[in-house]
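Chemist: Got a structure here, written out as structure tokens. Questions coming.
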Amino acid sequence: MKSIGLTLWRQRVLFMFLLPGAAAVLVFSYAPMAGLVMAFQDYRVSDGFLRGEFVGLDQFRAFLTDPDFYAALRNTLAISGLTLLIGFPAPVALALMIDAVASSRFRKVVQSVTYLPHFITWVFIASLVYRLLDTESGIVNLALVKLGFAPVSFMQSPGYFWFILVLASVWKSIGWNSIIYLAAISGIDPELHNAGMVDGASRFQRMIYITLPSIVPTIALMFVLSLGSLVSVNFEAVFNLMNGFVQEKADVIDTFVYRNGVQMIKFSYATAIGLAQSVIASILVFAGFKFSDKMNGTKLL
């Protein structure tokens, strides 16, 4: 205990830099958790937390018997699954391709171009998607007409929504998500590549047999962390892209919670769904850590 106190004192300046971040986490992440009590109450604003009527698990039973919730759950799992299937390997592939580029100037240009969409708001991206897929003036439909096909109402057809959302999400995040893999690649011992070149390995062979295996622990860690998103979808993306025509395919758990909690003022009902969603996400991440430990022997937790 004395040694811990001595370490804290010697590094007090460094720990002071942690205070603003720690305070932000406490205020915005932990303090609001007191509101979870609403999930077990018939909460009314006039009563507050202390005088709310305790109803036990009634709110949980309510959403588990709501057919609209299962429709939202289906859409959430479908979109999350597609995002994981397409969006997870995409940054890895991009990082490997950027690392394989010989010209450092061209590599920097590619990185800058792929990072840029991350800083664009979903409001602008949704507007861009609607313009590109517009039936009359969108470049996609103009190309289809030129090729002899009939124009397609992409944003009015529910069957296309999942893929449009996933592709837009991947395009927005692929460059930013590749940063961690590029960092992992930069930490590979250059002697491994030198040995490969001495043995006559091509650039592609070195990428497959040296670079990729070296970043497997990082890939495994990021995959495990992404498992928590299986029960949630980017609310901002869905909210800006959805419309009345595609709502049956676009309504996910987050929009379902927003509609019930904010628009219909069913605070307890929405809180119960959010709590269950968070618990399931935590279980998925924990199970993923354990599975990763057993599969590749890398201790992640």
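Chemist: Being within 14 Å of the chain's Cα centre (by Cα), assigned to a loop (DSSP other than H, G, I, E, B) and either within 30 Å of Met197 (Cβ to Cβ) or modelled with pLDDT under 90 (or both) is the requirement here; does Val233 meet it?
Modeler: So Val233 passes the test.
Chemist: Considering only residues that are more than 16 Å from Pro32 (Cα to Cα) and under 17 Å from the mean Cα position of the chain (by Cα), look in the range 252-276 and name the one that is most open to solvent (accessible area, probe 1.4 Å).
Modeler: In this case the residue turns out to be Asp254.
Chemist: With the structure loaded, tell me whether Ile139 is over 25 Å from the mean Cα position of the chain (by Cα) and modelled with pLDDT of 90 or more or whether it fails that test.
Modeler: yes
Chemist: Could I ask something else about it? Right, Val224: in contact with a Ser or Thr (Cβ under 6 Å, 6 or more places away or on another chain) and not in a helix (DSSP H, G or I) or not?
Modeler: Against the criterion (in contact with a Ser or Thr (Cβ under 6 Å, 6 or more places away or on another chain) and not in a helix (DSSP H, G or I)), Val224 does not qualify.
Chemist: Given the conditions (1) open to solvent by 60 Å² or more (accessible area, probe 1.4 Å); (2) at pLDDT 90 or above, which single one is not true for Ala168?
Modeler: Among (1) open to solvent by 60 Å² or more (accessible area, probe 1.4 Å); (2) at pLDDT 90 or above, Ala168 violates only (1).
Chemist: Of (1) part of a helix (DSSP H, G or I); (2) surrounded by fewer than 18 Cβ atoms within 10 Å (Cβ to Cβ); (3) at pLDDT below 85, Ser292 satisfies all except one. Which?
Modeler: All conditions are met except number (2).
Here's the yes/no breakdown for (1) touching a Ser or Thr at 6+ places or on another chain (Cβ under 6 Å); (2) in contact (Cβ under 8 Å) with a residue 60 or more places away in the chain; (3) not small (Gly, Ala, Ser):
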{"residue": "Phe69", "(1), (2), (3)": "no, yes, yes"}
{"residue": "Gln111", "(1), (2), (3)": "no, yes, yes"}
{"residue": "Ser127", "(1), (2), (3)": "no, no, no"}
{"residue": "Asp134", "(1), (2), (3)": "no, no, yes"}
{"residue": "Gly148", "(1), (2), (3)": "no, no, no"}
{"residue": "Gln156", "(1), (2), (3)": "no, yes, yes"}
{"residue": "Trp171", "(1), (2), (3)": "no, no, yes"}
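Chemist: Let me ask something additional. If Leu301 passes every condition in (1) surrounded by fewer than 19 Cβ atoms within 10 Å (Cβ to Cβ); (2) modelled with pLDDT of 85 or more; (3) touching an Asp or Glu at 6+ places or on another chain (Cβ under 8 Å); (4) among the hydrophobic types (A, V, I, L, M, F, W, C) but one, which one does it miss?
Modeler: Among (1) surrounded by fewer than 19 Cβ atoms within 10 Å (Cβ to Cβ); (2) modelled with pLDDT of 85 or more; (3) touching an Asp or Glu at 6+ places or on another chain (Cβ under 8 Å); (4) among the hydrophobic types (A, V, I, L, M, F, W, C), Leu301 violates only (2).
Chemist: Residues in the range 100-122: is at least one in a loop (DSSP other than H, G, I, E, B) and either within 30 Å of Ala72 (Cα to Cα) or within 16 Å of the chain's Cα centre (by Cα) (or both)?
Modeler: Scanning the range 100-122 turns up at least one residue that is in a loop (DSSP other than H, G, I, E, B) and either within 30 Å of Ala72 (Cα to Cα) or within 16 Å of the chain's Cα centre (by Cα) (or both).
Chemist: Taking interchain pairs and intrachain pairs at least six residues apart, which have beta carbon atoms under 6 angstrom, with the first residue in the range 194-209 and closer than 15 Å to Val101 by Cα and part of a helix (DSSP H, G or I) and the second modelled with pLDDT under 85 and open to solvent by 100 Å² or more (accessible area, probe 1.4 Å)?
Modeler: If the second residue must be modelled with pLDDT under 85 and open to solvent by 100 Å² or more (accessible area, probe 1.4 Å), no pairs are left.
Chemist: Of everything in the range 149-165, what is of a type in the set (A, V, I, L, M), surrounded by 13 or more Cβ atoms within 10 Å (Cβ to Cβ) and not in a helix (DSSP H, G or I)? Give them in sequence order.
Modeler: Matches in the range 149-165: Val152 only.
Chemist: Can I ask one more? If Trp176 passes every condition in (1) closer than 22 Å to Arg107 by Cβ; (2) at pLDDT 90 or above; (3) in contact with a Ser or Thr (Cβ under 6 Å, 6 or more places away or on another chain); (4) not acidic (Asp, Glu) but one, which one does it miss?
Modeler: Result: Trp176 fails condition (3) only.
Chemist: Quick one: Met222 ticks every box in (1) open to solvent by 50 Å² or more (accessible area, probe 1.4 Å); (2) modelled with pLDDT of 90 or more; (3) not aromatic (Phe, Trp, Tyr) except a single one, so which number is it?
Modeler: For Met222, the exception is condition (2).
Chemist: Is there a residue being surrounded by fewer than 19 Cβ atoms within 10 Å (Cβ to Cβ), among the charged types (D, E, K, R), farther than 21 Å from Ile86 by Cα and at pLDDT 85 or above anywhere in the range 238-251?
Modeler: Yes - at least one qualifying residue is present in the range 238-251.
The values are calculated or read from the model by the stated rules, or taken from the named source; none is laboratory data. Just so it is clear, the model here is predicted, and its values are computed rather than measured. Every residue, glycine as well, gets a Cβ built from its backbone with ideal geometry; the counts of neighbours run over all protein chains shown. With ligands, DNA and RNA removed, areas are computed over all heavy atoms of the protein, side chains included. Shrake-Rupley method; radii C 1.70, N 1.55, O 1.52, S 1.80 Å.
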